[in-house]
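Q: What follows is a structure written as structure tokens; I'll ask about it next.
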Amino acid sequence: MDYPYEEARPKRQYAAVFNVNKCIGCQTCTMSCKSTWTYSKGQEHMWWNNVETKPYGGYPQFWDHKLLEKLGPNKWSSATGQNGSVYSGKTIFEAAPIGEVALGYLPEDKEWQSPNIYEDTPTTTDPDKGPDESVDLVNLPAHTTWFFYLQRICNHCTHPACLAACPRKAIYKRQEDGIVLIDQNRCRGYRKCIELCPYKKPMYNLATRISEKCIGCYPRVEQGIEARCMAACVGKIRLQGLKNSLPEEAEANAENPLNYLIHIKKIALPLYPQYGTEPNIYYIPPRWIPKQFLYQMFGPGVDEALKVYSNMDEELLGVLSLFRSTQKILEKFNINSNQAVGYDAKGQEVIRVPIDEPVIVRPPKYHNTS
């Protein structure tokens, strides 16, 4: 793949895994981010973290539909890759028009006006029925009428399109953790980052006339603490930390929970991998959703990911039990005697949770009586 700068992978990469199956769409993550980072004048439209209802929702509206149409059909070869196949089509960098470094578009102002558009709006796979008509809702392996929540933040990509696009070189990727930031002193508000980021996560501040984006809550990460959106998650769907950048390094460090989920078990997949940016926010795909939709969104690794997730062993169940069990970033895990134990960067135990919760039946003598 063509990229305008030499590859410079950080040794450890800021990353997170979201379990889409457990999200309840409460938007607590969204409001925790909003109240921390984007409450000032000119930031009214900025939602660095947002939760969309798929297939119709999006912020800005149609952010993925428009780019997918420009990019054309997905092309995956049968050659074995990290998640089962290798993408053989054009990435956004290879499909770039003459004079641009990547394929993209600049959203209209009206597309930023409704962050929760089509929330909880379902669709149906039955061509003869609308989403509000009576259909068999539990027709497996995929529901006939369906929607699901997609949690989105900046992906802090390994090959950021925003960084490649900036004519001022105001965007940079930190080598200590791979977090992508905008130098506010260098930015002149050309909005090329907004135009060419395929996920539309840089945003333009009308008051300051410069661009801003998710900063990965780096002041918290530097202290070994999860980002605000991660720590606030009510549904316990998020696990954030630092992973190894390359698969072979991850396999040698399989005790890291993110390495384990992404590179060992391979149940967590990147969002729109065909874009070519190598995003570092990963998703456990939703069950019971039509596979063709999931293939487009997460690639052909969906089948194996859902197979493993539906037949998880004790070790995998233990790692999933660590989600949102602590605000501390976990660098290592261990499964021992029906317990999942998480450790910090210094190897000190941070959290210990039971894998199977005991069932306690109240004795009859304590039952309420009339």
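The values are calculated or read from the model by the stated rules, or taken from the named source; none is laboratory data. Keep in mind that what you see is a predicted model, and the values were worked out from it rather than measured. All Cβ positions, even for glycine, are placed from backbone atoms using ideal geometry, and neighbour counts span all protein chains on display.
Q: Name the single residue, out of those in segment 19-47 being of a type in the set (A, V, I, L, M, F, W, C) and outside any loop (DSSP other than H, G, I, E, B), that is surrounded by the fewest Cβ atoms within 10 Å (Cβ to Cβ). Steps first, answer last, please.
A: Step one: list which residues in segment 19-47 are of a type in the set (A, V, I, L, M, F, W, C), which gives 20, 23-24, 26, 29, 31, 33, 37, 46-47.
Then drop every residue that is not outside any loop (DSSP other than H, G, I, E, B), which leaves 20, 29, 31, 33, 37.
On the way: Val20: 19, Cys29: 26, Met31: 15, Cys33: 23, Trp37: 19.
Out of the qualifying residues, it is Met31.
Q: Also, quick follow-up: Within segment 47-63, identify whether any single residue is farther than 16 Å from Val234 by Cβ, free of Cβ contacts under 8 Å to residues at least 24 places away in the same chain and in contact with a Ser or Thr (Cβ under 9 Å, 6 or more places away or on another chain), and answer yes or no.
A: Within segment 47-63, none of the residues are farther than 16 Å from Val234 by Cβ, free of Cβ contacts under 8 Å to residues at least 24 places away in the same chain and in contact with a Ser or Thr (Cβ under 9 Å, 6 or more places away or on another chain).
Q: For segment 311-331, give me each residue that is part of a strand (DSSP E or B) and touching a helix residue (DSSP H, G or I) at 6+ places or on another chain (Cβ under 8 Å). Quick ask: steps written out before the conclusion?
A: Just the residues of segment 311-331 that are part of a strand (DSSP E or B), to begin with: 328.
Across segment 311-331, there are no qualifying residues.
Q: Next question, about the same structure. For segment 98-119, how many residues are in a loop (DSSP other than H, G, I, E, B) and closer than 23 Å to Gln61 by Cβ?
A: So the first thing to find is which residues in segment 98-119 are in a loop (DSSP other than H, G, I, E, B), and the list is 98-108, 113-119.
Filter once more, keeping what is closer than 23 Å to Gln61 by Cβ: 100, 102-108, 113-119.
So the answer is 15.
Q: Within segment 200-214, work out how many residues are surrounded by fewer than 19 Cβ atoms within 10 Å (Cβ to Cβ) and in contact (Cβ under 8 Å) with a residue 60 or more places away in the chain. Talk me through it step by step, then tell me what you get.
A: To start, the set of residues in segment 200-214 that are surrounded by fewer than 19 Cβ atoms within 10 Å (Cβ to Cβ) comprises 206-209.
Within this subset, residues satisfying the condition of being in contact (Cβ under 8 Å) with a residue 60 or more places away in the chain are 206-208.
Total satisfying the criteria: 3.
Q: Same structure again: For segment 289-331: of the residues being closer than 30 Å to Thr91 by Cβ and among the aromatic types (Phe, Trp, Tyr), which is surrounded by the most Cβ atoms within 10 Å (Cβ to Cβ)?
A: Applying the first criterion (closer than 30 Å to Thr91 by Cβ) to segment 289-331 yields 289-309.
Of the ones still in play, those that are also among the aromatic types (Phe, Trp, Tyr) are 293, 295, 298, 309.
Details: Phe293: 19, Tyr295: 17, Phe298: 23, Tyr309: 18.
By that ranking, first place goes to Phe298.
Q: So for segment 156-167 (the condition being in a loop (DSSP other than H, G, I, E, B), surrounded by fewer than 18 Cβ atoms within 10 Å (Cβ to Cβ) and at pLDDT 95 or above), does at least one residue qualify? Please lay out each step first, then the result.
A: Let us first name the residues in segment 156-167 that are in a loop (DSSP other than H, G, I, E, B), namely 156-160, 166-167.
Subsequent filtering for residues that are surrounded by fewer than 18 Cβ atoms within 10 Å (Cβ to Cβ) retains 167.
Those still in the list that are at pLDDT 95 or above too: 167.
Checking segment 156-167: at least one residue is in a loop (DSSP other than H, G, I, E, B), surrounded by fewer than 18 Cβ atoms within 10 Å (Cβ to Cβ) and at pLDDT 95 or above.
Q: Report yes if Val308 is among the aliphatic types (A, V, I, L, M), part of a helix (DSSP H, G or I) and under 30 Å from Thr125 (Cα atoms), otherwise no. Outline the logic, then answer.
A: Numbers: among the aliphatic types (A, V, I, L, M): yes; part of a helix (DSSP H, G or I): yes; under 30 Å from Thr125 (Cα atoms): yes.
In short, yes.
Q: Where the second residue is among the charged types (D, E, K, R) and the first is closer than 19 Å to Ile329 by Cα and lies in segment 254-268, which pairs have Cβ atoms under 7 Å and are six or more apart or on separate chains?
A: Within 7 Å, the pairs are Glu255/Lys332; Asn256/Lys243; Asn256/Glu331; Asn256/Lys332; Leu258/Lys243; Asn259/Lys243; Ile262/Lys243; His263/Glu251.
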